[in-house]
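Undergrad: Submitted below is the structure of interest, expressed as structure tokens.
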Amino acid sequence: MNTKPRNDTVNNSGTVDKPSNNPRREFLLQASALGFSTALPFSFPKASRAATPKKGGFMRLGIGHGSTTDSFNPARLENGFQTVMVRAMANTLTEIDADGFVQPSLAESWEASSDAKTWSFELRKGVEFQNGKSFTAKDVVASINYHRGEKSESSVKPIVKPIKEIRTDGDYVVVFELEGGNADFPFILDTHGLVIFPAAADGSLDWRPGIGTGGYILEHYEPGVDAKLKRNPNYWKENRAHVDEVLLLTIKDSAARSNALITGGVDAIDQVDLKTAHLLARQSGFKVEETSGPLHYTFPMHTQTAPYNDNNVRLALKHAIDREEMLKKVLKGHGTIGNDHPIGPSYRYHAADIDQNVYDPDKARHFLKKSGLDSLTVKLSAADAAFEGAVDAAVLFSESAGKADIKIEVIREPDDGYWSNVWLKKPFCACYWAGYSTEDVMLSTGYASGAPWNDTQWNNPKFEELVAIARSELDESKRRELYRDIQIMLRDEGGAIVPIFANNVSARSEHIDHGKLSSTASFDGRRIVERWWMV
């Protein structure tokens, strides 16, 4: 089995160089006055520069996520702030690079049986945790087993569920026995939650001290506010972890994030406000950058709760949303139209040929009548913590649905605590998914029956069967057809309305730099702390 299979999910990044004669004050004044729908379109050409890392400096990042209920528990990494922090503190066995290849990390190499059911990983020797403890196979077993078992409530549990057995072969070999073949297994081991922390004496996982093998040591963490990290002087990767110190700041308000960048409070921000991004792109000393990938915005409906337990109601709502308008007004064109399933154009097995669900008030009314209703009234919870512009998107949805005799009452929820108090709890809300490296991981995490993050409460035995077969199928054409069937099933029966796939748009000062960007998630696949440097 080739240790570096190609994943064609990654697109190129781009940058914009701005003229030097446009004062920063213009940005601040225009941004504050700009209305929701008045921003001009803009685009980002591809970058074509070589970058040389430099050591030293203090990096400050403004992140549009973070909540007072957060932690660095690998079982509950629910937002971008947590993931950026944990990616800096700890490593995974493998790493997906900016070109979409799976590369060695804590595992030096691996091999699989001919049916891809048995995988053997040779671990890197000489690696130490930040407290001086040697990294061994026992730590891998404890880290993976932490997410397994009947009592586990880990978001990663569905991903590791197909693992029948993990065993060690000495201190530096780990063998995985799977229920069925999985050619993508090395990709899976780069999942955020599968970072490696030390094993305790009893074989359990000792994650609470925050001691990993990563490039940065956690010095301070106040959930929902900030985190301070310093470089690990004994880090085993010589070409990574360039800066001496890092400050991560939760700045949920998009205008405040941009202001922090413009005024020098931070060196880079994620989730640039697309209403004012064209103004920021013109500022001297700053760069706006964009990547396209699996990030998508959703409105999940609880399929076990009335009225969403009636598929006709779900279909009515899917045809009551104007996707084109949402792409234009919420994303300013920086994305693509969704088709009510999570497998977007960046995935290998995206089915571009299936019919698109479109805005059609007459068809929406048709499905309402099939459910026995002449009209429908529902509540939709939203906050910009879900995604930038989520409240605006919910209002647009309400307006378009009104033309189909569907009244959507938009409930504006508090940003803080949204992921703990609203998502998974309210039957109809706004959500985002950063996406994953493979179709199987996305489907297993967000749609598998019993998965902690199954936010639509989707439970369909035929779906489960198709996902299991697709996971084990090694014939590419057969596998593609299986994933096509899955996308059609979710489009026609699933509980998620997926109107748009969003590009990742970030901005940075020219005092910070990087190499080729990954598009698997914002901030360079959440690895910004380890990969970027100060100029």
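Undergrad: At a threshold of 8 angstrom on Cα-Cα distance, excluding pairs fewer than six apart, so keeping six or more, what relative contact order does the chain reach in percent?
TA: Normalised by residue count, the contact order of the chain is 23 percent.
Undergrad: Turning to a different aspect of this structure: Would you compute the Debye intensity of the chain from its alpha-carbon atoms alone, equal scatterers and no solvent, and pass along log10 I(q)/I(0) at q = 0.07 Å⁻¹ to two decimals?
TA: So the normalised log intensities are -0.38.
Undergrad: What full-extension length gain, to one decimal in nm, is calculated for ASP374 and LYS161 as 0.36 nm per residue of separation minus the Cα-Cα distance?
TA: 72.3 nm
Undergrad: Here is a follow-up. Using Cβ contacts closer than 10 Å as the measure, can you line up SER113, SER105 from fewest to most?
TA: Details: SER113 13, SER105 20.
Result, fewest neighbours first: SER113, SER105.
Undergrad: If a paramagnetic tag sat 7 Å from the Cα of ILE411 along the Cα-Cβ line, which residues of segment 357-396 would have the backbone N under 19 Å from that point?
TA: Residues 376-387, 390-396 fall inside that zone.
Undergrad: Please give the direction-averaged projected area of the C-alpha convex hull for segment 407-504, in square nanometres with one decimal.
TA: 7.8 nm²
Undergrad: What is the magnitude of the charge dipole of segment 392-494 about its Cα centre, with +1 placed on the Cβ of each Lys and Arg, -1 on the Cβ of each Asp and Glu, and no other charges, expressed in debye to the nearest 20?
TA: Here segment 392-494 has a charge dipole of around 100 debye.
Undergrad: Mind checking the dipole of the chain: about its Cα centre, +1 per Lys or Arg Cβ, -1 per Asp or Glu Cβ, Debye to the nearest 20?
TA: My answer is approximately 920 debye.
Undergrad: So if I average 1/r over every pair of distinct C-alpha atoms in segment 354-427 and take the inverse, what Kirkwood radius in Å does that give?
TA: After inverting the pairwise mean of 1/r, the radius is 13.6 Å.
Undergrad: Mean separation of Cα pairs under 8 Å and 6+ residues apart, divided by the residue count of segment 94-194: what relative contact order is that in percent?
TA: Relative contact order of segment 94-194: 30 percent.
Undergrad: With 28 Å as the limit, write out which pairs from LYS363/LYS462; LYS275/LYS318; LYS426/LYS478; LYS157/LYS363; LYS328/LYS379 have Cα-Cα distances beyond it, or answer none.
TA: From the list (LYS363/LYS462; LYS275/LYS318; LYS426/LYS478; LYS157/LYS363; LYS328/LYS379), the Cα-Cα distance tops 28 Å for LYS426/LYS478; LYS157/LYS363.
Undergrad: Related question: Subtract the Cα-Cα distance of GLU510 and SER114 from 0.36 nm times their separation in residues, and report this length gain in nm to one decimal.
TA: 137.7 nm
Undergrad: Step through the residues of segment 194-201 one at a time and calculate ³J(HN,Hα) from phi using the Karplus curve (6.51 cos²θ - 1.76 cosθ + 1.60, θ = phi - 60°), rounding each to whole Hz and writing x for Gly and Pro.
TA: 8, 5, 9, 10, x, 7, 7, 4
Undergrad: Ok, one more. Ranked by Cβ crowding within 10 angstrom, fewest neighbours first, how are PHE81, PHE197 ordered?
TA: With the fewest neighbours first, PHE81, PHE197 line up as PHE197, PHE81.
Undergrad: Still on this structure: Short version: ³J(HN,Hα) in whole Hz for each residue of segment 301-306, in order, from phi by Karplus 6.51 cos²θ - 1.76 cosθ + 1.60 (θ = phi - 60°), x for Gly and Pro, what are they?
TA: The phi angles translate into 10, 6, 6, 9, 10, 5 Hz.
Undergrad: Starting from the Cα of LYS151, draw a straight line to each of the lysines and keep only those under 18 Å, dropping any in the same chain fewer than 8 residues away.
TA: Once the sequence-local lysines are set aside, what remains near LYS151 is LYS161, LYS164.
Undergrad: Can you list residues from other chains, or at least 5 along the same chain, whose modelled amide H is less than 5 Å from the amide H of THR298?
TA: CYS431, TYR432, TRP433
Undergrad: Compute the whole-percent fraction of alpha carbon pairs in segment 94-194 spaced more than 18 Å apart.
TA: Numbers: 2423 of 5050 pairs.
Above the 18 Å cut-off, segment 94-194 has 48 percent of its Cα pairs.
Undergrad: For the chain, what is the mean residue ellipticity at 222 nm derived from helices alone (per DSSP H run of n ≥ 4: -39500 (n - 2.57); sum divided by total residues; nearest 500 deg cm²/dmol)? Walk me through the numbers on the way to the answer.
TA: Values: 17 runs with 138 residues, N = 535.
It comes out at -7000 deg cm²/dmol, rounded to the nearest 500.
Undergrad: In what sequence do HIS511, HIS278 fall when counting other Cβ within 10 Å, fewest first?
TA: The fewest-first ordering by Cβ neighbours comes to HIS511, HIS278.
Undergrad: Report the charge-dipole magnitude of segment 436-508 in Debye, nearest 20, computed about the Cα centre from +1 at each Lys and Arg Cβ and -1 at each Asp and Glu Cβ.
TA: Numbers: 8 positive and 12 negative charges, 58 e Å.
Dipole size: approximately 280 debye.
Undergrad: Report D for segment 245-354 in µm² per second (integer): Stokes-Einstein, Kirkwood Rh on Cα pairs, 10 °C, 1.306 mPa s.
TA: Diffusion coefficient, whole number: 93 µm²/s.
Undergrad: Now, a different point. Can you divide the C-alpha Rg of segment 296-502 by 2.2 N^0.38 Å and report the result to two decimal places? Could you put the intermediate results ahead of the total?
TA: Values: Rg = 16.2 Å, N = 207, 2.2 N^0.38 = 16.7 Å.
That works out to 0.97 for segment 296-502.
Undergrad: Report the Cα centroid-to-centroid distance between segment 457-519 and segment 50-102 in angstrom, as an integer.
TA: What the calculation gives is 21 Å, centre to centre.
Undergrad: Give me a comma-separated list of calculated 3J(HN,Hα) values for segment 91-98, in order, Karplus coefficients 6.51, -1.76, 1.60 applied at θ = phi - 60°, integers in Hz, x for any Gly or Pro.
TA: Once rounded to whole Hz, the list reads 10, 9, 5, 10, 8, 8, 7, 5.
Undergrad: Out of residues 5 or more away from LYS407 or on other chains, whose amide H comes under 5 Å of its own, with H placed 1.01 Å from N in the peptide plane?
TA: Hits under the 5 Å cutoff: LEU376, THR377, VAL378.
Undergrad: To check my understanding: the extent here is largest minus smallest coordinate of the Cα atoms along each principal axis. What are those three numbers for segment 195-293, in Å, largest first?
TA: The Cα atoms of segment 195-293 stretch 56, 30, 28 Å along their principal axes.
Undergrad: Among ALA468, TRP453, VAL358, whose Cα lies farthest out toward the positive end of the dipole of segment 296-502, if unit charges sit on the beta carbon of Lys, Arg (+1) and Asp, Glu (-1)?
TA: About the Cα centre, the residue reaching furthest to the positive side is VAL358.
Undergrad: Another question, then. Looking at the chain only, what percent of DSSP beta bridges run antiparallel? Nearest 5 please.
TA: Expressed as a percentage, antiparallel bridges in the chain total about 80.
Undergrad: Each label point is 7 Å from the Cα along the Cα-to-Cβ direction; what then is the distance between the points at GLU153 and ASP355, in nm?
TA: Rounded to a tenth, the inter-label distance reads 4.3 nm.
Undergrad: Give me, ordered by chain and number, the residues 5 or more places off ASN91 or on other chains with an amide H under 5 Å from its own placed amide H.
TA: Amide H neighbours of ASN91, under 5 Å, 5+ apart: ILE196, THR213, GLY214.
Undergrad: Modelled label-to-label distance, VAL173 and THR69, 7 Å Cα→beta-carbon offset: nm?
TA: Between VAL173 and THR69, the label points sit 4.5 nm apart.
Just so you know, all these numbers are worked out from the coordinates, no wet-lab data involved. Computed from a prediction, not measured in an experiment: that's the story for all the values here. Don't worry about glycine lacking a Cβ; one is built from the backbone with ideal geometry, like all the others, and counts go over all protein chains shown.
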